[in-house]
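Take a look at the structure set out below.
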Amino acid sequence: MAPDTDTGADQHITEVGGTGVPIPGDDVDTDQILPAKFMKEVTFDNMADYLFYDARRDDDGEFNDHPLNRFEGASIAVVNSNFGCGSSREHAPQAMMRWGIDGVIGESYAEIFRDNCKSLGIPAVTTDHETVVELQEWIEANPDGDVEIDVEAKTVTYGDTTIDVDIDGAMREALVDGIWDTTALMYSNRSKVDATVDGLPYVEGDD
Amino acid sequence: MSEGTLYDEVWEKHKVTELPNGQDQLFIGLHLVHEVTSPQAFGMLRERDLDVAYPDRTFATTDHIAPTEAEKRERPLADDQAEEMLSALERNTSESGITFFGFESGKQGITHVVAPELGLSQPGMTVACGDSHTATHGAFGSIGVGIGTSQIRDVLATGCIAADKQKVRRIEVEGELGEGVYAKDVIMKVIQDLGVDGGVGHVYEYGGPAIEALDMEGRLAVCNMSIEGGARAGYVNPDETTYEYLRGREYVPEGEAFEERKAYWESIRSDDDAEYDDVVTVDADGIDPMVTWGINPGQVIEITDRVPHPDDFEARTDREAAEQALDHMAIDPGQSMVGYDVDVAFLGTCTNGRLSDFAEAAKVLEGHTVDEGVRALAVPGSETVRQQCEERGIDETFINAGFQWRRAGCSMCLAMNDDALEGDEVCASSSNRNFIGRQGSKDGRTVLMSPAMVAAAAVEGEVVDARDYLDDEPAGGAGGVEEVAD
């Protein structure tokens, strides 16, 4: 029977938006985003519960004033530089997505984190430090205000302001054209893979 | 654009086609799988009714959740979640025809220790694993990349990843290392110079006299921490050191076939006139042992230096990061790390869990005992390493000194098993990340250092310069690990 490589992950993602949440700090690592102790589950189903688990709680285990506690229901995270560095765990963007994040605006991202966002259909756009800080402050002042990412036009709109942003070319193409499900895409190239493999002296008797 | 580098050569050989979004479809020649990031990927495969495309190019072991106390490795594991992860991996690999190195195999251990020592990692390969430390395998002159779970699904189903070609930065490491200074110190020096995000968008090609003088275990430690510098991959061009290390290992061909394979390995070396996107020189001549003082691996100094003041940093964000680090570590600017109290000593991991690491630490421990206030764990990177240490009596040195001698696993590097910091304990650690909460306690504090430095800290109960313990050693120890690398 023909394998089902079409799983609905072929959605065209041209715009995402909603209220925002600032997550300030450079080099926010994936151990903070999703502490390792919560990776002992064989599915991603519960990951939203563990998002920034330690950072969001005080010593008594009660919620503190972490932005994720103050901006519940937000769809757009606004972060600083080298966000998502460290461990490759997809658990981190999975937790963000399952918590409700549909898009990220930041100064820069660690590469594996950005790749993982692409795999999940989460646009991760970039702009300069001052613009990010301005947007973070605007969200603090306008918790109910909408922040819209236009992936196709490469802009972000909040309040009366529209700014140009950057997005990795491959990520933009994949999201806008609905080809971010790379399994389906690459599965259709099997005969070409065989040809590549034939040229590799270390692969013997491949199937 | 780079041209004629090993990265270019290996990329071209593994490139299947260009995808519609401009990325390349890249064949993965070695896929390493462990229990934590793979079960969801196998689940996705089942949902789509897809098979594993290249089971013969896929190898699995268990490391992250592996209990390191012998009695806790009996099945079912006491930790239900750990047992579920391990069982899922056993089922997934057996159903797919993937070789699995479990507890009973005698070869279980950390993926990035196991694959090199079995000869699975070879020059000119592409290596992927759902773990950011996959760059380790670049020590052989391969391209090793850490991937997320959706990409694991891609590799399982198609043998490929969708990838962007990176820029290539040649890092020329000059100088000679003194006694008691190791590969770990070199890579921490590189990260100190280039920053934790300096490598974003780049692959690091490590070269120069200080790198070429390293044995394979040293090169593995250097490449391992590429990701801590923001580079997804890092590599060293293969040379005689590489080929001699590989000769005779289980998955390496013998005789005529070895020579044929070696011709391929030679062919992918960077050309003498290769072009790099940029070249950076790092001076490692006469550096002192490195220790971290903060909460990322870039917050690091030589042991003879002082903890910097936040005002020493130009960027506001670096100043803020330094303030946060000083606060978390409860340390003052201008202070020396020498004398910083240590509660736990942890020796092991994919960075420093190999035979030479334990051998060097044992030199420090010989004739000394662990401070009574210190909990000291020695966790071999693999069961093979454990056996090698035990054959040489290295385990006895550790046990006599007061270390707990454990079985193989990731252990307290990220505390997914029972090995974790408690409260605000300070850990002298041979691991790779000093992030807040990394070792299992959100108030825990990590000081990264070489294995010899961990051993010395265990003895003193505080951070010290391990060279004080090596002074009475006969000369010629620093590179003397060849005799034990079998």
- request: Identify all residues within the stretch B:203-237 that are of a type in the set (A, V, I, L, M) and closer than 23 Å to B:Gly178 by Cα; write none if there are none.
  value: B:Ala210, B:Ile211, B:Ala213, B:Leu214, B:Met216, B:Leu220, B:Ala221, B:Val222, B:Met225, B:Val236
- prompt: Restricting to helices (runs of 4 or more DSSP H) lying wholly in the stretch A:33-129: which have 1 or more residues that are in contact with a Pro (Cβ under 6 Å, 6 or more places away or on another chain)?
  reply: A:67-70, A:111-120
query: Within the bounds of the stretch A:44-53, is there any residue that is on the phi > 0 side of the Ramachandran plot and either of a type in the set (D, E, K, R) or at pLDDT below 95 (or both)?
result: no
query: Does B:Gln299 count as surrounded by fewer than 19 Cβ atoms within 10 Å (Cβ to Cβ) and within 27 Å of the chain's Cα centre (by Cα)?
result: no
field: Selection status of A:Leu175, facing another protein chain (nearest Cβ under 7 Å) and open to solvent by less than 10 Å² (accessible area, probe 1.4 Å)
entry: no
- prompt: Which ones in the stretch B:119-139 are over 11 Å from the mean Cα position of the chain (by Cα) and closer than 18 Å to B:Thr58 by Cβ?
  reply: B:Gly119, B:Leu120, B:Ser121, B:Gln122, B:Met125, B:Thr126, B:Val127, B:Ala128, B:Cys129, B:Gly130
message: Considering only residues that are out of contact with any strand residue (DSSP E or B) (no Cβ under 8 Å at 6 or more places or on another chain), crowded, with 17+ Cβ neighbours inside 10 Å and among the hydroxyl-bearing types (Ser, Thr, Tyr), which ones fall in the stretch A:41-82?
response: A:Tyr50, A:Tyr53
- prompt: Within the stretch B:300-335, how many residues turn out to be in contact (Cβ under 8 Å) with a residue 24 or more places away in the chain and closer than 16 Å to B:Arg445 by Cβ?
  reply: 14
message: Can you find a residue that is within 14 Å of another protein chain (Cβ to nearest Cβ), at pLDDT 95 or above and open to solvent by less than 10 Å² (accessible area, probe 1.4 Å) anywhere in the stretch B:326-348?
response: no
query: Any idea how many residues of the stretch B:443-462 are surrounded by 24 or more Cβ atoms within 10 Å (Cβ to Cβ), part of a loop (DSSP other than H, G, I, E, B) and within 14 Å of chain A (Cβ to nearest Cβ)?
result: 1
field: Close pairs from the stretch B:425-442: first more than 7 Å from chain A (Cβ to nearest Cβ), partner basic (Lys, Arg) and assigned to a strand (DSSP E or B), Cβ under 6 Å, at least 6 apart
entry: B:Val426/B:Arg445
statement: Exactly one of B:Thr369, B:Thr351 is open to solvent by less than 10 Å² (accessible area, probe 1.4 Å) and either in the same structural domain as B:Asp443 (by TED's automatic domain parsing) or touching a strand residue (DSSP E or B) at 6+ places or on another chain (Cβ under 8 Å) (or both), and that one is B:Thr351
task: Check B:Trp265, B:Trp293 and return the single one that is touching a helix residue (DSSP H, G or I) at 6+ places or on another chain (Cβ under 8 Å) and within 13 Å of chain A (Cβ to nearest Cβ).
output: B:Trp265
- prompt: What are the residues in the stretch A:13-32 that are closer than 26 Å to B:Asn432 by Cα and either touching a strand residue (DSSP E or B) at 6+ places or on another chain (Cβ under 6 Å) or not in a helix (DSSP H, G or I) (or both), if any?
  reply: A:Ile23, A:Pro24, A:Gly25, A:Asp26, A:Asp27, A:Val28, A:Asp29
- prompt: Does the stretch B:405-418 hold any residues that are more than 11 Å from chain A (Cβ to nearest Cβ), open to solvent by less than 10 Å² (accessible area, probe 1.4 Å) and farther than 17 Å from B:Ala361 by Cβ, and which are they?
  reply: B:Gly409
query: Does the stretch B:12-25 include one or more residues that are open to solvent by 20 Å² or more (accessible area, probe 1.4 Å), farther than 23 Å from A:Lys118 by Cα, at pLDDT 95 or above and more than 9 Å from chain A (Cβ to nearest Cβ)?
result: yes
- request: For residues that are open to solvent by less than 20 Å² (accessible area, probe 1.4 Å) and facing chain A (nearest Cβ under 8 Å), scanning just the stretch B:44-53, find the one that is farthest from the chain's Cα centre (by Cα).
  value: B:Arg48
- request: Take the stretch B:380-404 and flag every residue that is of a type in the set (Val, Ile, Thr), more than 19 Å from B:Glu104 (Cβ to Cβ) and buried (at least 18 other Cβ atoms within 10 Å of the Cβ).
  value: B:Ile394, B:Thr397
- prompt: Looking at the stretch B:256-284, which of its residues are part of a helix (DSSP H, G or I) and open to solvent by 50 Å² or more (accessible area, probe 1.4 Å)?
  reply: B:Glu256, B:Glu259, B:Glu260, B:Ala263, B:Glu266, B:Ser267
message: For the stretch B:274-295, check the following and say yes or no: at least one residue is under 30 Å from B:Gly106 (Cβ atoms) and modelled with pLDDT of 95 or more.
response: no
Helices (runs of 4 or more DSSP H) enclosed by the stretch B:287-369 - at least 3 residues per element that are within 26 Å of B:Gly423 (Cα to Cα): B:316-329, B:349-352
- prompt: So which residues in the stretch A:135-151 are touching an Asp or Glu at 6+ places or on another chain (Cβ under 9 Å) and either within 14 Å of chain B (Cβ to nearest Cβ) or more than 30 Å from B:Asn21 (Cβ to Cβ) (or both), if there are any at all?
  reply: A:Val151
message: I'd like to check something: does the stretch B:227-234 contain any residue that is in a strand (DSSP E or B) and surrounded by 23 or more Cβ atoms within 10 Å (Cβ to Cβ)?
response: yes
query: Before we move on, is B:Glu117 of a type outside the set (A, V, I, L, M) and surrounded by 16 or more Cβ atoms within 10 Å (Cβ to Cβ)?
result: yes
query: Which residue pairs have Cβ atoms closer than 6 Å, lie 6 or more positions apart in sequence or on different chains, and pair a first residue in the stretch A:41-56 that is within 10 Å of another protein chain (Cβ to nearest Cβ) and closer than 16 Å to A:Glu72 by Cβ with a second residue that is open to solvent by less than 30 Å² (accessible area, probe 1.4 Å) and not charged (D, E, K, R)?
result: A:Tyr53/A:Pro35; A:Ala55/A:His66
- prompt: Looking at this structure, is B:Ala135 surrounded by 24 or more Cβ atoms within 10 Å (Cβ to Cβ), in contact with a helix residue (DSSP H, G or I) (Cβ under 6 Å, 6 or more places away or on another chain), modelled with pLDDT of 95 or more and more than 13 Å from every other protein chain (Cβ to nearest Cβ)?
  reply: no
Only listed residue being within 17 Å of the chain's Cα centre (by Cα), open to solvent by 10 Å² or more (accessible area, probe 1.4 Å) and either within 14 Å of another protein chain (Cβ to nearest Cβ) or charged (D, E, K, R) (or both), chosen from A:Cys85, A:Cys117: A:Cys85
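The values are calculated or read from the model by the stated rules, or taken from the named source; none is laboratory data. No experiment lies behind these values; they were computed from the predicted model shown. With ideal geometry, Cβ positions are generated from the backbone for all residues, glycine too; neighbour counts draw on all protein chains shown. Ligands, DNA and RNA are excluded from the accessible area calculation, which covers all protein heavy atoms including side chains. Shrake-Rupley method; radii C 1.70, N 1.55, O 1.52, S 1.80 Å.
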